[in-house]
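> Below you'll find the structure I mean.
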Amino acid sequence: MQTPAPGIRIGDEVRRAIEAGAPVLALESTILSHGLPSPRNLEVGLESEQLVRTAGVTPATIGVIGGVAVVGLSPAEIEHLCKAGDVVKVSVRDLPIVRAKALDGGTTVAATAWLAHRAGIRVMSTGGLGGVHRGASETFDESADLGTLAETPITLVSAGVKSILDIGATLERLETLNIPVVGYRTNRYPGFYVADSGFALDYRIESAADAAALARARDELGLASAMLVANPVDEAQQLDPTFHDRVLAEALAAASDAGVAGHDTTPFLLDYVQRATGGRSLEVNLEVYRGNVALGAEIARAVAG
């Protein structure tokens, strides 16, 4: 474990697990502070931690409390981020700002991965990654997740990127950044709400042990990038692909008609999809997250073993 900076606090349970070499799984907090409605967000936050513990792994939900980045939030701190009305969304660039201003924040994939690695945690689970946005050739709109993952050697489990993004461009960007992507028991890249985004993957793995072997090989080579494990939602739980494509096309057209652009685009599209699917997309979101947390716990055990 690296010596934490003064602005980073590692929870006692997480610290003990890291020092003992026991498996630890990092979890982001923007899904709780910005991704899910109340009280569902608190239920999911606490249930996810319990799922990880049941698998014999220590959960480390990461967030910012009063300007202090916390690796291993307490249940009370998780509840605070779920219920407080002034929680900000924190990527790596925002960490010094929220520290100086003593703000509360939910950490994105980028900030969570960076803080987890800084604390010595080797595996993380999330729902979907940020990626390259549609129209990025003109706007240069690309998630900071990608740049951070290019220099943060953590194993990250996700269900691909949300289908509202430009998935093909995201995969090209991941290749350019030398970030390995492997499918978990699939050669198709998942599209978050659907198991198959329509894009192929060159490599697949069949087990948590395979993921641990890849992480070990990366470390032996001295490479600094994350290892991305793409874990598709169960096909029985996905949105119907035809229905998904129709709703997405409608959402994109509505955003264009409303003149929505920039950082307002993603929340607009996600809200439109949720309303158009009668809340079904939210349920798929939760299935995705549970599956990634469960697989991440398995990989954390394999990495620690």
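The values are calculated or read from the model by the stated rules, or taken from the named source; none is laboratory data. Values in this document were obtained by computation on a predicted structure and should not be read as measured data. No Cβ is skipped: glycine too gets one built from the backbone with ideal geometry, and neighbour counts run over all protein chains shown. These accessible areas exclude ligands, DNA and RNA; they are computed on the full protein's heavy atoms, side chains included. Shrake-Rupley method; radii C 1.70, N 1.55, O 1.52, S 1.80 Å.
> So what J values fall out for the stretch 208-216 if you push phi through Karplus, 6.51 cos²θ - 1.76 cosθ + 1.60 with θ = phi - 60°, rounded to Hz, Gly and Pro as x?
Per-residue couplings from phi come out as 5, 4, 4, 5, 5, 5, 5, 4, 5 Hz.
> On a full-extension model of 0.36 nm per residue, what is the gain between A22 and A213, subtracting their alpha-carbon distance, rounded to one decimal in nm?
67.0 nm
> For K162, what residues show an amide H to amide H distance below 5 Å, using hydrogens built from the backbone and excluding near sequence neighbours?
L129
> Another question about this same structure. Around R188, which amide H atoms from residues at least 5 apart in sequence, or from another chain, sit under 5 Å from its own amide H, with H modelled in the peptide plane?
L201
> Top mean-square fluctuation among S158, S125, S207, Gaussian network model of the chain, C-alpha springs under 10 Å?
S207
> For V88, project a label point 7 Å along Cα to C-beta. Then give me every residue of the stretch 60-76 with its amide nitrogen under 16 Å of that point.
Inside the label zone: 63-70.
> Convert each backbone phi in the stretch 20-36 into a coupling constant with the Karplus relation 6.51 cos²θ - 1.76 cosθ + 1.60 (shift: θ = phi - 60°), then list the ³J(HN,Hα) values in order as whole Hz, x for Gly and Pro.
Working through the residues one at a time gives 8, x, 7, x, 9, 10, 7, 10, 7, 10, 5, 4, 8, 7, 10, x, 10 Hz.
> Give the relative contact order (percent, whole number) for the chain; include only Cα pairs under 8 Å separated by 6+ residues. Write down the numbers at each step before the final one.
Details: 616 pairs, mean separation 57.0, N = 305.
Computed value for the chain: 19 percent relative contact order.
> By DSSP, what percent of the beta bridges with both residues in the chain are antiparallel, rounded to the nearest 5?
30
> Assign one of three labels to the stretch 131-262, namely rounded, prolate or oblate, based on the Cα gyration tensor with a ≥ b ≥ c the square roots of its eigenvalues; rounded applies when a/c is under 1.5, prolate when it is not and a/b is larger than b/c, and oblate otherwise.
Verdict is oblate for the stretch 131-262.
> Run the dipole for the stretch 155-240 about the Cα centre, Lys and Arg Cβ at +1, Asp and Glu Cβ at -1, nothing else charged, and hand back the magnitude in debye, nearest 20.
For this selection, approximately 160 debye.
> Note down the relative contact order for the stretch 77-131 as a percent, whole number, built from C-alpha pairs under 8 angstrom at least six residues apart.
Reported as a whole number, the value is 30 percent.
> Could you tell me which of rounded, prolate or oblate describes the stretch 154-210, using a ≥ b ≥ c as the square roots of the eigenvalues of the alpha-carbon gyration tensor, with rounded for a/c under 1.5 and, failing that, prolate when a/b is larger than b/c and oblate otherwise?
oblate
> Just to check I understand the Karplus step: with θ = phi - 60° and J = 6.51 cos²θ - 1.76 cosθ + 1.60, what whole-Hz values come out for the stretch 219-232, glycine and proline as x?
5, 5, 7, x, 7, 9, 8, 5, 10, 9, 9, 8, 10, x
> Using the alpha-carbon centroid of each, what span in Å lies between the stretch 235-305 and the stretch 48-93?
What the calculation gives is 22 Å, centre to centre.
> State in Å² the accessible area per residue of the stretch 227-268; use a 1.4 Å probe, count heavy atoms of protein chains only, and round to the nearest integer. Provide the component values of the computation, followed by the final result.
On the way: 2270 Å² over 42 residues.
Per-residue value: 54 Å².
> Please label the shape of the stretch 108-200 as rounded, prolate or oblate, based on the square roots a ≥ b ≥ c of the eigenvalues of the alpha-carbon gyration tensor (a/c under 1.5 means rounded; beyond that, a/b larger than b/c means prolate, else oblate).
Verdict is oblate for the stretch 108-200.
> Calculated from DSSP H runs of 4 or more alone, at -39500 (n - 2.57) each and per residue, what is the 222 nm mean residue ellipticity of the chain, nearest 500? All intermediate terms of the calculation are to be shown ahead of the outcome.
Working: 12 runs with 139 residues, N = 305.
So the helix-based figure for the chain works out to -14000 deg cm²/dmol.
> Round to a whole angstrom and tell me the spacing of the C-alpha centers of the stretch 166-230 and the stretch 12-40.
Their Cα centres are 22 Å away from one another.
> Of [x] 8; [y] 35; [z] 14, which one was derived for percent of Cα pairs over 37 Å apart from the structure shown?
Calculated percent of Cα pairs over 37 Å apart: the matching label is [x].
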